[in-house]
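Colleague: The following block contains the structure, expressed as structure tokens.
The values are calculated or read from the model by the stated rules, or taken from the named source; none is laboratory data. Everything quoted here is computed from the prediction, not taken from an experiment. Cβ sites come from the backbone with ideal geometry, for glycine too, and all protein chains shown count toward neighbours.
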Amino acid sequence: MKFLKVFAGLAELKRPLATMMAALALAFAVSVAPAGAQQANTKAQEIANHFSGIKTMMGDFVQFGPRGDQTGGKFYISRPGKVRFNYDAPSPMRVISDGRTLVVGNMKLGTWDQYPLSKTPLALLLDDKIDLTGKMVRSVKQDPDLVTIVLGDKSVFGDSTITMMFDPATNDLRQWTITDAQGKETSVMIYNVKAGVDFADSVFALPYDQMKGVAPGK
């Protein structure tokens, strides 16, 4: 992401990465307070702890891109840092992180773009712990039917942020939005979620055999 340029198609076909990482502000406007200006309340931290305590999960997703485009597919998460998005046909896209590197692939064109996961807001979603008293927190907002947490770090992600929205009744994550430095938003709504899933190592393995000129660990 230059989720990054996660998650309208990384410059057409490449912007799905930005598309994978952003857009719920379609329905909810979140006022962003300066980092550290708001104190996290007990309920919000309880929700964050619950979410970060779920080490593996999988389910279905619907993604809404900055141009109003809509796609869906399957997602897989394993903390810390591992994620995979398989888009439904006819989309040729794949997004995979092995915990260090995030790659976006176009299966039709056979092209792959890679980014350090630590430089994308998606890293905050996949971290082992979400500390709502830390400098990453832009705002925490509680409504009767929604808890909204906005995270970002200008020194790392620039103006990019990730907004996570939780159901306060179940503490479950419902969707997230990634806003890039240009203000473009991509939302991912998740459902049919299963937690505590065992994954084969191959699920999050980067396809180096398809990534021309890129070697493991580079």
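Colleague: Only strands (runs of 3 or more DSSP E) wholly contained in the range 53-155 count here; list those with 3 or more residues that are out of contact with any helix residue (DSSP H, G or I) (no Cβ under 8 Å at 6 or more places or on another chain) and farther than 19 Å from D180 by Cα.
Modeller: In the range 53-155, 56-64, 70-78 are the strands (runs of 3 or more DSSP E) which contain 3 or more residues that are out of contact with any helix residue (DSSP H, G or I) (no Cβ under 8 Å at 6 or more places or on another chain) and farther than 19 Å from D180 by Cα.
Colleague: Another question about this same structure. Here's a check for you: in the range 101-119, which residue that is in contact with a strand residue (DSSP E or B) (Cβ under 7 Å, 6 or more places away or on another chain) and closer than 30 Å to Q45 by Cα is surrounded by the fewest Cβ atoms within 10 Å (Cβ to Cβ)?
Modeller: The selected residue is P116.
Colleague: Could you figure out which of (1) within 17 Å of the chain's Cα centre (by Cα); (2) modelled with pLDDT under 95 isn't true of Q175?
Modeller: (2)
Colleague: While we're looking at this one, here's another question. If T163 satisfies all but one of (1) touching a helix residue (DSSP H, G or I) at 6+ places or on another chain (Cβ under 7 Å); (2) under 22 Å from F199 (Cβ atoms), what's the number of the condition it fails?
Modeller: (2)
Colleague: Which count do you get for residues in the range 30-50 that are modelled with pLDDT of 80 or more and surrounded by 19 or more Cβ atoms within 10 Å (Cβ to Cβ)?
Modeller: 3
Colleague: Further, regarding this structure: Just for the range 120-167: of the residues that are of a type in the set (S, T, Y) and surrounded by 15 or more Cβ atoms within 10 Å (Cβ to Cβ), which one is nearest to F204 (Cα to Cα)? Give the steps one after another, and end with the answer.
Modeller: Of the range 120-167, the ones of a type in the set (S, T, Y) are 120, 133, 139, 148, 155, 160-161, 163.
From the residues that got through so far, the ones that are surrounded by 15 or more Cβ atoms within 10 Å (Cβ to Cβ) too are 120, 139, 148, 160-161, 163.
Details: T120: 17, S139: 31, T148: 28, S160: 25, T161: 24, T163: 24 Å.
Across the range 120-167, the extreme among qualifying residues is T120.
Colleague: Considering only the range 156-176, state which residues are more than 21 Å from K43 (Cβ to Cβ), touching a strand residue (DSSP E or B) at 6+ places or on another chain (Cβ under 7 Å) and outside any loop (DSSP other than H, G, I, E, B).
Modeller: T161
Colleague: A follow-up question, please. Which of the residues belonging to the range 69-81 are buried (at least 16 other Cβ atoms within 10 Å of the Cβ) and out of contact with any Asp or Glu (no Cβ under 6 Å at 6 or more places or on another chain)?
Modeller: T71, F75, Y76, I77, S78, G81 - these are the residues of the range 69-81 that are buried (at least 16 other Cβ atoms within 10 Å of the Cβ) and out of contact with any Asp or Glu (no Cβ under 6 Å at 6 or more places or on another chain).
Colleague: Which one of the conditions (1) surrounded by fewer than 21 Cβ atoms within 10 Å (Cβ to Cβ); (2) out of contact with any strand residue (DSSP E or B) (no Cβ under 7 Å at 6 or more places or on another chain); (3) within 17 Å of I77 (Cα to Cα) does I190 fail to meet, given that it meets all the rest?
Modeller: For I190, the failing item is (2).
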